[in-house]
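Chemist: This is the structure I want to talk about, given as structure tokens.
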Amino acid sequence: MLVVLATLLLVGGFAQAGQAEDGGGRVALIGVPGLHWNDITPNDTPNLWRLAGASAIGSLSVRTVGGLTCPYDGWLTVSAGTRSAAGYSCGAPPTPEARGDGAVIPDYRYLIDVAGQRNAGTLGEVLKAAGKCSVAVGPGAALALADRNGAVSRYLASPDQVPAADLARCPMVAVEVDDLIRPYLATGTLPRVPDQLGARERRDALRQADAKTGALLAALPADATIILAGLSDHGSVPHLRVAMLRQPGAQGHLLGAASTHRDDISILPDLTATALTTAGVPVPDTVVGVPLQVGAQGATIDRLRRADATAQTIRSVKGIYFTVIAVLQVLFYLIAFLLLRRRKGLPWVRLAAVALASLPVSSYLVNLLPWSTLLGLIGGVLGWVAAITLLACAGPWRRAPLGPLAVVAGITALTLAGDLLTGTTLQLNSIMGYSAEVGARYYGLGNIPFALLATGTLLATTTIAHRFPGKVGVAAVAVLGAFAMVLGGSGMGSDFGGVIAFVPGIAVTALILAGKRVSIVKLGAFCVAGAVIVMTFAVVNYLQPPDKQTHLGRFVGQVLTGEAFDVILRKLNAMLHTLLSPNLMPIVIAAVAFLVYAILRPEQASAGVVPAAFTHSPALRAGLIGTLVSGVIGMLVNDSGAAVLSMALALAIPLLLSAGIAALPGPSVPRVGEQLAGVTK
């Protein structure tokens, strides 16, 4: 690891300074905190409606440090060019104190010296160093354009009746239109309800904001690039917000950014990079955003409204879904324990195990269907569960103990690998994936999908090792496992902790299959190897141009600037928090307890099902141990923590029991499979 860090410090000297100076033009950033696409209509907001029609449009994820973003944190993030927060419950930006034509934000150094926001003031400082003057209108705009001492050279308190001459004085203008968000901040902080205002009150606030925006658009120079953004949340539920870019040739196109790898989604730091690039100023390495990209034609407000509606549907069902899975898992182990001890209902236990293991992958496959409502989402998931269970238990492989296991594990691994190869459209806005309004990830392999990809790959490849024991089986585990690991850790997956956890899982499985001994020293060496591999991916990615970098490459930049420690600390806190999750830990506890008891007391716990599975297929034992290694290490190195291990177990243990039941002697086991086979015929 020291060698890796030394390499990072060496390549830091060759870091690119940012976008090239091109002479620059005029740019105006209009921030309307709290604005989302449902607000914009031709009757209530005619000026915003016309601006949207003349611009490239997309969704803006306003996630900063916490789960919700207030205007203060939104504007501060624009200032810093990286996710930032004031460090306490916040609401509106502080009111600047007038100093001649400019102003100073009181106690500004608190942000840098106490709150740890060492990048605060980046935008204003870089503009000043480049000799580019700027005009700030409103407290939020002043926060965005302030230098590292909190000073802005030209400041106007309100956008009301701002003279056009003032807006034309400088190439960079930032304006805060706070009419929409102000009613939500009556108590000083964001309300802890989804929407504090009624429909009529919000419409009145929108009309005021629209009128001011219209006046600003009329006063701004005609050659200015206009960026309009809904910079913050307005209540207790995060939403995707408005992003518009008006410039020649942008009309009717989607608006996204390379930072998200999405042609219709951008993040707050992208606004910083866009403003600097448009003004002809190099973007410093500390800015994690990249300039906004005008994408394909066909952008419509309805499409962007549906994107937020889809995200909200997923949000509404996600907690319930994990609760249902936790309850089903615990009930399954309890009922299976009682039935297995009595040797009753074994075919139905096997069928239930396969169906339960099919649930995770079905949460991604449902995005192949054109669902648009909660009912459609639930029905689609259940439909996929039924289809996979039928395929696994009714095909010609049903008689083989490892047959259903191979089908479910293979479908899980192939689905996630195929999703990585095709742009991760299945993971975005999925119940077990990620959604843009939460802002934890926008592309690549999420932590739970990693757990399922690793588990599915290890179990599926061990069925190959069972069929072809010896060198062929070991090679299958090593080669296919390495392929899945590269998918997850390269630019396609951009998964940092997953590689660290996957490498030991693959190595341990291969060693056991080869008849080699696994020691603590070897296990530690495998973890180090995983870290070296993922850091190699990260360094290679860091050497790419900024618009080609993923968060792996940006992490290298954070190591070089000293910000990586804060990132690691946040992820550690998030990981520890998951250990108390009432949805995740019951799955881990129930699955591990059942597995340990089934191994130590096979006849009492499971009628010998687990030993029967291992006796039938020693390769399956190797795959399960490798899965547990990946799951435990993945829990420790990922911010999703217990979610990684719980989902690995939720897939692996039911499939293990399905194989063990079929491996038991006796004629009763295939009966359900025979019935399902009859259905397919």
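The values are calculated or read from the model by the stated rules, or taken from the named source; none is laboratory data. Remember, predicted model here, so these are calculated numbers, not experimental data. Reconstructed Cβ throughout: ideal geometry from the backbone, glycine too, with neighbour counts over all protein chains shown. For accessibility, only protein heavy atoms count, side chains too; no ligands or nucleic acids. Shrake-Rupley method; radii C 1.70, N 1.55, O 1.52, S 1.80 Å.
Chemist: Take residues that are farther than 25 Å from Gln427 by Cβ and tell me which of the strands (runs of 3 or more DSSP E) falling wholly in segment 240-283 contain 2 or more.
Modeler: Qualifying strands (runs of 3 or more DSSP E): 241-246.
Chemist: Please verify whether Trp384 is closer than 30 Å to Ala258 by Cβ and among the aromatic types (Phe, Trp, Tyr), treating the condition exactly as stated.
Modeler: no
Chemist: While we're looking at this one, here's another question. Which residues, counting only those in segment 305-321, are open to solvent by 20 Å² or more (accessible area, probe 1.4 Å) and either touching a strand residue (DSSP E or B) at 6+ places or on another chain (Cβ under 7 Å) or not basic (Lys, Arg) (or both)?
Modeler: The answer is Ala307, Ala309, Thr310, Gln312, Thr313, Ser316, Gly319, Ile320, Tyr321.
Chemist: Consider segment 49-63. How many of its residues are in a loop (DSSP other than H, G, I, E, B) and either buried (at least 24 other Cβ atoms within 10 Å of the Cβ) or not aliphatic (A, V, I, L, M) (or both)?
Modeler: Total satisfying the criteria: 3.
Chemist: Within segment 365-414, can you find the residues that are within 15 Å of Thr462 (Cα to Cα), of a type in the set (Gly, Ala, Ser) and assigned to a helix (DSSP H, G or I)?
Modeler: Selection gives Gly403, Ala406, Ala409, Gly410, Ala413.
Chemist: Name the residues in segment 475-510 that are under 17 Å from the mean Cα position of the chain (by Cα), under 17 Å from Met635 (Cα atoms) and not hydrophobic (A, V, I, L, M, F, W, C), would you?
Modeler: Listed by number, the residues that qualify are Gly488, Gly489, Asp495, Gly497, Gly498.
Chemist: Output the residues belonging to segment 145-196 that are open to solvent by 30 Å² or more (accessible area, probe 1.4 Å), among the hydrophobic types (A, V, I, L, M, F, W, C) and part of a loop (DSSP other than H, G, I, E, B).
Modeler: Ala157, Ala168, Ala186, Val193, listed by residue number.
Chemist: Follow-up. When you go through (1) at pLDDT 95 or above; (2) closer than 28 Å to Ala168 by Cβ; (3) open to solvent by 20 Å² or more (accessible area, probe 1.4 Å) one by one for Gly25, which number turns out not to apply?
Modeler: Among (1) at pLDDT 95 or above; (2) closer than 28 Å to Ala168 by Cβ; (3) open to solvent by 20 Å² or more (accessible area, probe 1.4 Å), Gly25 violates only (1).
Chemist: Moving on to the next point. Which one is nearest to Gly140 (Cα to Cα) among residues in segment 64-92 that are modelled with pLDDT of 95 or more and open to solvent by 10 Å² or more (accessible area, probe 1.4 Å)?
Modeler: Tyr72
Chemist: Let me ask something additional. Within the bounds of segment 236-251, is there any residue that is small (Gly, Ala, Ser), closer than 30 Å to Gln549 by Cβ and at pLDDT below 95?
Modeler: Yes, segment 236-251 contains a residue that is small (Gly, Ala, Ser), closer than 30 Å to Gln549 by Cβ and at pLDDT below 95.
Chemist: If you don't mind, another one. Pairs, please: C-beta under 7 Å, at least 6 apart or cross-chain, first residue touching a residue at least 40 places away in the same chain (Cβ under 8 Å) and in segment 86-108, second of a type in the set (Lys, Arg) and open to solvent by 30 Å² or more (accessible area, probe 1.4 Å)?
Modeler: Asp101/Arg154; Gly102/Arg154
Chemist: Now for a separate question. Given Arg118, Arg109, which one is open to solvent by 10 Å² or more (accessible area, probe 1.4 Å) and in contact with a Ser or Thr (Cβ under 9 Å, 6 or more places away or on another chain)?
Modeler: On inspection, the qualifying residue turns out to be Arg118.
Chemist: Which residues, counting only those in segment 527-563, are surrounded by fewer than 16 Cβ atoms within 10 Å (Cβ to Cβ), touching a helix residue (DSSP H, G or I) at 6+ places or on another chain (Cβ under 7 Å) and modelled with pLDDT under 70?
Modeler: Across segment 527-563, there are no qualifying residues.
Chemist: Inspect all residues belonging to segment 388-398 and state whether any of them is more than 28 Å from Ala484 (Cα to Cα), out of contact with any His (no Cβ under 8 Å at 6 or more places or on another chain) and of a type in the set (Lys, Arg).
Modeler: no
Chemist: Considering only residues that are of a type in the set (A, V, I, L, M, F, W, C), open to solvent by less than 30 Å² (accessible area, probe 1.4 Å) and over 30 Å from Asp147 (Cα atoms), which ones fall in segment 198-212?
Modeler: The answer is Ala205, Leu206.
Chemist: Now for a separate question. Return the only residue of Ala591, Ala598, Ala613 being assigned to a helix (DSSP H, G or I) and modelled with pLDDT of 85 or more.
Modeler: Every option except Ala613 fails the conditions.
Chemist: State yes or no: is Ala209 assigned to a helix (DSSP H, G or I), modelled with pLDDT under 95 and either farther than 18 Å from Ala54 by Cβ or not basic (Lys, Arg) (or both)?
Modeler: Answer is no for this residue.
Chemist: So is Arg342 surrounded by 14 or more Cβ atoms within 10 Å (Cβ to Cβ), of a type in the set (Lys, Arg), over 30 Å from His261 (Cα atoms) and over 23 Å from the mean Cα position of the chain (by Cα) or not?
Modeler: It is false that Arg342 is surrounded by 14 or more Cβ atoms within 10 Å (Cβ to Cβ), of a type in the set (Lys, Arg), over 30 Å from His261 (Cα atoms) and over 23 Å from the mean Cα position of the chain (by Cα).
Chemist: Could you tell me how many of the residues in segment 218-235 are open to solvent by less than 30 Å² (accessible area, probe 1.4 Å) and part of a helix (DSSP H, G or I)?
Modeler: Residues meeting the conditions: 1.
Chemist: Return the residue satisfying two criteria in turn: it lies in segment 643-669 and is surrounded by fewer than 24 Cβ atoms within 10 Å (Cβ to Cβ) and among the aliphatic types (A, V, I, L, M), and of such residues it is modelled with the lowest pLDDT.
Modeler: That would be Val669.
Chemist: Quick one: which residue in Leu346, Leu338, Leu304 is free of Cβ contacts under 8 Å to residues at least 12 places away in the same chain and hydrophobic (A, V, I, L, M, F, W, C)?
Modeler: Just one listed residue meets the conditions, Leu338.
Chemist: While we're looking at this one, here's another question. Tell me which residues, restricted to segment 322-339, are surrounded by fewer than 19 Cβ atoms within 10 Å (Cβ to Cβ) and either of a type in the set (D, E, K, R) or closer than 15 Å to Val385 by Cβ (or both).
Modeler: Answer for segment 322-339, where residues must be surrounded by fewer than 19 Cβ atoms within 10 Å (Cβ to Cβ) and either of a type in the set (D, E, K, R) or closer than 15 Å to Val385 by Cβ (or both): Val324, Leu328.
Chemist: Going residue by residue through segment 252-261, is there one that turns out to be open to solvent by 30 Å² or more (accessible area, probe 1.4 Å) and among the hydroxyl-bearing types (Ser, Thr, Tyr)?
Modeler: no
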